[in-house]
Amino acid sequence: MISKRIRKPVAIAASTAFLAFLAACGQSAEEGLDQPTENATEATAATVKPSFDCSKASKPQEKLICSDSELAELDVKLADAYSAATQAGDKAAILQAQRQWISQSFNACSDKPCLVAAYQKRLTDIKTPAPVARDDTSNLDQLFELSLMCASATSLTAGALKAQGDPEGDTYETLSKVMGYAASISGIKMGVSYDESSDRYVQALDNYRNSFTKAGQAGKADLDAFMREHGNIQSRCSELIKNPGNFKNLSALSFRVHDNQIDFDQAAAELNLQ
């Protein structure tokens, strides 16, 4: 078999809805959590200052925190816990979880008891890391489908970042290609022709892009749900690449193909499943 490269996928342009969603994530309370040691210049009534600048507080929840020492202390504790967690774990996954907490729990509160409960729950969650995802499958068709899913998710992220001029877009574009190579390697290993695996790769990208477009057209709730699932996929793929298992081995071979160290047939021959 003559080894080939996967056809370059059609660039996925980020929609206005997606860019707006990304912009919406930059909330002031979250920014404060990114800088846990930054204290407010002046709190209204609290003797303990929260992690964010109270002079810039705009949300009712933030103003309530600035006026209450107990809430301010909880905010500082969460900021410190967030900083420690991002230094020790998967920063992208923790950031995604933090944004989800702000959107679904923090923003839903209108009084002190609700905020106390929300902060205490988040402190418990952030100090108890979720189990690391492990690739426990030895089934080639599952590896093939997982590779297609990861390629699609990273391609969408690449398109959004590149549309904003973010250089990280190139990194995600490379990762999407590598995951496409992973699909080809696992496909060849189980007897799928190169052309068929390439076609299924392009189709998977189209399907993922269409799902995103439909979610954006349906409204913010559907788009938010899609983006939460998108973040979960990205996090799982990242963990699978880093951790022991068949997917990590497949990913390593795919990077070697990308760097022209071996071809697809050699990679398939070297893929030894656990």
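The values are calculated or read from the model by the stated rules, or taken from the named source; none is laboratory data. Owing to the predicted nature of the structure, the values given are computational and were not obtained by experimental measurement. Cβ coordinates were reconstructed from backbone atoms using ideal geometry, including for glycine residues, and neighbour counts include every protein chain displayed.
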I'd like the full set of residues that are part of a helix (DSSP H, G or I), buried (at least 16 other Cβ atoms within 10 Å of the Cβ) and among the hydrophobic types (A, V, I, L, M, F, W, C), limited to the range 97-123. Ala97, Trp101, Ile102, Phe106, Leu115, Ala118, Leu123
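Quickly run through the range 46-67 and pick out the residues that are within 19 Å of Trp101 (Cα to Cα), charged (D, E, K, R) and part of a helix (DSSP H, G or I). It would help to see each step written out before you state the result.
Applying the first criterion (within 19 Å of Trp101 (Cα to Cα)) to the range 46-67 yields 50-52, 57-65.
Those left that are additionally charged (D, E, K, R): 59, 62-63.
Glu62, Lys63 - these are the residues of the range 46-67 that are within 19 Å of Trp101 (Cα to Cα), charged (D, E, K, R) and part of a helix (DSSP H, G or I).
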Which of (1) in contact (Cβ under 8 Å) with a residue 24 or more places away in the chain; (2) over 16 Å from Phe144 (Cβ atoms) is the odd one out, the single condition Phe226 does not satisfy? (1)
Taking the range 222-274 as the region of interest, how many residues are in contact with a strand residue (DSSP E or B) (Cβ under 6 Å, 6 or more places away or on another chain) and hydrophobic (A, V, I, L, M, F, W, C)? 2
How many residues of the range 158-183 are over 17 Å from the mean Cα position of the chain (by Cα) and under 17 Å from Ala267 (Cβ atoms)? The answer is 6
I'd like to know if the range 205-214 contains one or more residues that are aromatic (Phe, Trp, Tyr), at pLDDT below 85 and under 14 Å from Ala153 (Cα atoms). no
Could you go through the range 190-212 and let me know if any residue there is without any contact (Cβ under 8 Å) to a residue 60 or more places away in the chain, out of contact with any helix residue (DSSP H, G or I) (no Cβ under 7 Å at 6 or more places or on another chain) and among the aliphatic types (A, V, I, L, M). yes
